[in-house]
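These notes are about the structure you will find just below.
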Amino acid sequence: MGQMHIIAQLSAGQGLEPGGWRWPGEDKAAFMNDDIFIKGAQLAEKGKLDGFFLVDVPAISADIATTPQGSSLDPIVLMALMAKATTHIGLISTMSTSIYEPYSIARTMRSLDLVSKGRMGWNVVTTGNPHALLNYFAGTPAHGEKHGRAQEVWEAVLRLWGSWPEGALKLDVASGHFADDKLIKPINFKGEYVSSKGPINLPPSPQGMPAVFTAGGGQYGYDFAATKADAMYGNPPTLEYAKAFWQQLSSSIRQAGRNPDEFTVFNGIGVSIASSEKEALERRIALDELGDPSSRQQYLSHMLSIPITGLDIDAPIPDRLLKLARPNRQDHRSQYAYDLAMKGFTIREVLAHGPINYHPVFLGTPESIADKLQQWFEAGTGKGFNIIGDTGLSSLADFVDQVVPILQKRGLLRTEYSGSTLREHLGLPYRNGFAEFEAKAPQATIK
Ligand SMILES: Cc1cc2nc3c(=O)[nH]c(=O)nc-3n(C[C@H](O)[C@H](O)[C@H](O)COP(=O)(O)O)c2cc1C
């Protein structure tokens, strides 16, 4: 059934746990240390992963009093540095369709794609965070407007990329023919929200254009993934959800006239690695202590639909309360929290398993984490994972040094790169522009 695809990320130069920056040995100011990101990309390359991924929410969030910010350094700056410090790893950066104009995206991404020799991915988001939008504009656009604009920006960016086709650059010294100006044509794109005349001022990279990722939630994000993207960063709460999601998405991809084999869902997974299951849980308990366990205890009440905030965090939930507990249907992660509580774990231990984390957490030995990744992969969840450590760079190093070799030994992960571009890593053909996209997926251009 082929091999899995893995990308890695270091948001704020750290992992999934809010208190991770306080972990011994991690750089306390990793969020603004370019070397951390460069080392992260090099580690991902050492593990022969598909890519290194950066989110982007350009704003200060409410928890800055205790937590480093997810995307302080501009990911584009980091991508350029990482491109020069690596040779094979794919580099996937977020650029929001709500913030940037199409020409800015097309030119920046093409520049990076050339500098990296065809290793870029563009992660398309619409920026849900109002604080980020208010840093750029006087107000926040209506939902429909934001997604109408996203559609136009995507189309204009692809048209711009295609406006300089392969073969138009001649560099013919004998004749003095530099480029074929008949092939490099304006796009004259005029939409309701964005316009661009074109053409772009750079030729395509060895992969043509960057692979298109998306990380959108909701119906709009789903439709974008099904009809336009090559890959998706997903946040499924459980294996069952991930399986059902991929079943549905792959059928929507097929309905759009596209091939689901040429699409990867990178399910976000947090990892906490130790030499025994017990040590992994202890590691996470120590990490929780560096965060804010009391607010998590409060949220656990909500997940289990019982009041537990005043209870002893180091004792199991008493039977009389457990009898009344029900997993909260509003949050799919609640079933896992409920199962842990029913097994008799203390409240602290339930929390340490990570049911409240943004992504499912695989904790345990390298072997047991490899087992879980294999289980998800073989269940049919979209072939890919976006791996996030728990503390920072050292937890990513543990994944690459300890889990990756097991997956490689099992034949589930490549041991050498067979190509040099991100499209090749993802099993995608060379492609450059909107016309090629249309030819491939005629029904996919929903207007
Ligand atoms: C796994 C995941 C990762 C995301 N990463 C980002 C990101 O880096 N930057 C961003 O602005 N939004 C990010 N988003 C948010 C989406 O782009 C989208 O804006 C959000 O789901 C709200 O949808 P709306 O724009 O329809 O309100 C992410 C969403 C998901 C599910």
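FRET efficiency for the pair residue 343 and residue 183, taken as 1/(1 + (r/R0)^6) with r the Cβ-Cβ distance and R0 = 60 Å, rounds to 0.40.
Peptide packing for 158-164, 83-89 was compared via the average number of neighbouring C-beta atoms within 10 Å per residue; ordered from the highest value, the list is 158-164, 83-89. Comparing mean-square fluctuations of 153, 194, 265 from a GNM of the chain with C-alpha springs under 10 Å, the top value falls on 194.
Helix 239-255 and the longest principal axis of the Cα set of the chain meet at an angle near 20°. Between residue 401 and residue 143, the distance separating the two model label sites (each 7 Å from Cα on the Cα→Cβ line) works out to 4.7 nm. When nucleic acids and ligands are ignored and a 1.4 Å probe is applied, residue 440 ends up with an accessible area of around 90 Å². Computed over protein heavy atoms with a 1.4 Å probe, the accessible surface of segment 307-425 works out to 43 Å² per residue.
With protein chains left intact and a 1.4 Å probe, residues in segment 85-148 average 37 Å² of accessible area per residue. When the square roots of the Cα gyration tensor eigenvalues are ordered a ≥ b ≥ c, the ratio a/c for segment 41-141 is 1.5 or more and a/b does not exceed b/c, which makes its shape oblate. Once Rh is set to the Kirkwood radius over Cα pairs, what Stokes-Einstein translational diffusion coefficient, in µm²/s, holds for the chain at a temperature of 37 °C and a viscosity of 0.692 mPa s? Calculated translational D: 143 µm²/s.
Would you mind working out the magnitude of the charge dipole of the chain relative to its Cα centre, with +1 at each Lys and Arg C-beta and -1 at each Asp and Glu C-beta, to the nearest 20 Debye? Don't skip to the end; give the middle numbers.
Working: 42 positive and 47 negative charges, 198 e Å.
It comes to approximately 960 debye.
Set the bar at 26 Å for Cα to Cα. Now go through 170/197; 278/383; 197/228; 46/409; 28/48 and name every pair that lies beyond it. Can you show the working numbers first?
On the way: 170/197 23 Å; 278/383 29 Å; 197/228 22 Å; 46/409 15 Å; 28/48 28 Å.
Among 170/197; 278/383; 197/228; 46/409; 28/48, the Cα-Cα distance tops 26 Å for 278/383; 28/48.
Using a 1.4 angstrom probe on heavy atoms only, work out the carbon and sulfur share of the accessible area of the chain in %.
Of all accessible area on the chain, carbon and sulfur atoms account for 54 percent.
Taking 0.36 nm per residue of separation and subtracting the current Cα-Cα distance, fully stretching the chain between residue 72 and residue 371 would add 104.2 nm. Helix 366-379 and the long axis of the chain differ in direction by around 60°, with both axes built from C-alpha atoms. When peptides 402-413, 361-372, 320-331 are ranked by their average number of other Cβ atoms within 10 Å per residue, the highest-first order is 361-372, 402-413, 320-331.
By the rule of a C-alpha distance below 13 Å, with chain neighbours fewer than 8 residues away ignored, the aspartates and glutamates paired with residue 185 are 166. Between the Cα long axis of helix 218-227 and the first principal axis of the chain there is an angle of about 40°, rounded to the nearest 10.
Per residue of the chain, the DSSP helices (runs of n ≥ 4 H) give a summed -39500 (n - 2.57) that works out to -11500 deg cm²/dmol at 222 nm. Taking label points 7 Å from Cα along the Cα-to-Cβ direction, residue 190 and residue 101 give a separation of 1.7 nm. Judged by the gyration tensor of its Cα atoms, with axes a ≥ b ≥ c, segment 318-447 is oblate; a/c meets the 1.5 cut and b/c is at least as large as a/b.
The values are calculated or read from the model by the stated rules, or taken from the named source; none is laboratory data. Because the structure is a prediction, the values reported are computed rather than measured. Heads up, the Cβs are rebuilt from the backbone with ideal geometry, glycines too, and the neighbour counts pull from every protein chain shown. The protein model used for the area step is the full one, side chains on, heavy atoms only, and it has no ligands, DNA or RNA in it. Shrake-Rupley method; radii C 1.70, N 1.55, O 1.52, S 1.80 Å.
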